[in-house]
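This report concerns only the one structure given below.
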Amino acid sequence: MSKIVSALNGASFDGFARIREIGPLGMISLRAKPDLPGLVAAIQAATGCALPAQRRIVHNGDKAAGWMSPDEYLLIVPYADVAATLAVLAETLAGQHHLAVDVSDARAVFRIEGARAAEVLQKLSPVDHATLAENELRRTRAAQVAAAFWRDEAGYTLVCFRSVATYVMGLLKASAQPGGELFSG
């Protein structure tokens, strides 16, 4: 069996915000209609989290459940727990129309932290960061690539496709360069 590694082996950068690639992180894409019988129980059993509201992410320790679209949820668990979590979902949703897929190795995850972390993402995404609430999950773009991110008390977590991880790290580093702070008038 090969050694599990994150997309960029934990690359990091310190500018006016700290950027670091985190992982490997277990991620499951769960496709199901929100009124699917057993969905709430399945997400609770898999993550210990409630069904997330639209554009929200709910945390329970090292697990989370995020709303990605009207019929898609992102479940985050420790990497080693993905197979067991998929089994829980299959058992809990047996006979119900759904799709649960391990997307852990297809994604890269970054943390952007520091007092000015928002400025890094403000340069890259068409999101009104002034109104972005804590634990609000936004599915958007980072420059030219698809991404999703959310804010917590310590900063931001950004998820993108693994195939563009090097590009996204370059974007984040360029956006966090000292001297590149946004003009505040």
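Every number here is computed from the coordinates shown, using simple stated rules; none is lab data. These numbers come from a predicted model, not from an experiment. Neighbour counts run over all protein chains shown; Cβ positions are idealised from the backbone, glycine included.
In this Cβ point-charge picture (+1 for Lys and Arg, -1 for Asp and Glu), region 42-128 has a dipole of about 280 debye about its Cα centre. The ranking of Leu25, Leu75 from fewest to most other beta carbons within 10 Å of each one's beta carbon is Leu25, Leu75. Computed about its Cα centre, the charge dipole of region 12-175 is approximately 460 debye, with only Lys, Arg, Asp and Glu carrying charge at their Cβ. Normalised by the number of residues in region 12-175, the average gap of Cα pairs under 8 Å and 6 or more apart makes the relative contact order 26 percent. Applied to region 14-24, the Karplus parametrisation 6.51 cos²θ - 1.76 cosθ + 1.60 on θ = phi - 60° returns per-residue 3J(HN,Hα) values of 10, x, 6, 9, 8, 10, 8, 7, 10, x, x Hz, with x for Gly and Pro. Each label point was placed 7 Å from the Cα along the Cα-to-Cβ direction; for Ala87 and Glu72 their separation is 2.8 nm. With contributions of -39500 (n - 2.57) from each DSSP H run of at least four residues, the per-residue ellipticity at 222 nm computed over the chain stands at -5500 deg cm²/dmol.
Rounded to the nearest whole angstrom, the semi-axes of the ellipsoid equivalent to the chain, taken from the Cα gyration tensor as √(5λ), stand at 30, 18, 13, largest first.
Applying 1/(1 + (r/R0)^6) with R0 = 22 Å to the Cβ-Cβ distance of Gln96 and Ala146 gives a FRET efficiency near 0.20.
Note on Ile4 and Tyr167: the model spin-label points, each 7 Å out from Cα along the C-beta direction, lie 2.7 nm apart. Sites counted here are GluC sites (Glu not before Pro) in a DSSP loop (not H, G, I, E or B) having no more than 11 other Cβ atoms within 10 Å; the longest part of the chain that contains none of them is 1-133. Here the extension length gained between Gln177 and Ala80 equals 31.4 nm, from 0.36 nm per residue of separation less the Cα-Cα distance.
The ranking of Ser12, Ser69, Ser29 by Cβ neighbour count inside 10 Å, starting from the fewest, reads Ser69, Ser12, Ser29. Across region 121-126, coupling constants 3J(HN,Hα) worked out from phi with the 6.51/-1.76/1.60 Karplus curve, θ = phi - 60°, read 6, 4, 6, 10, 10, x Hz, and Gly and Pro carry x.
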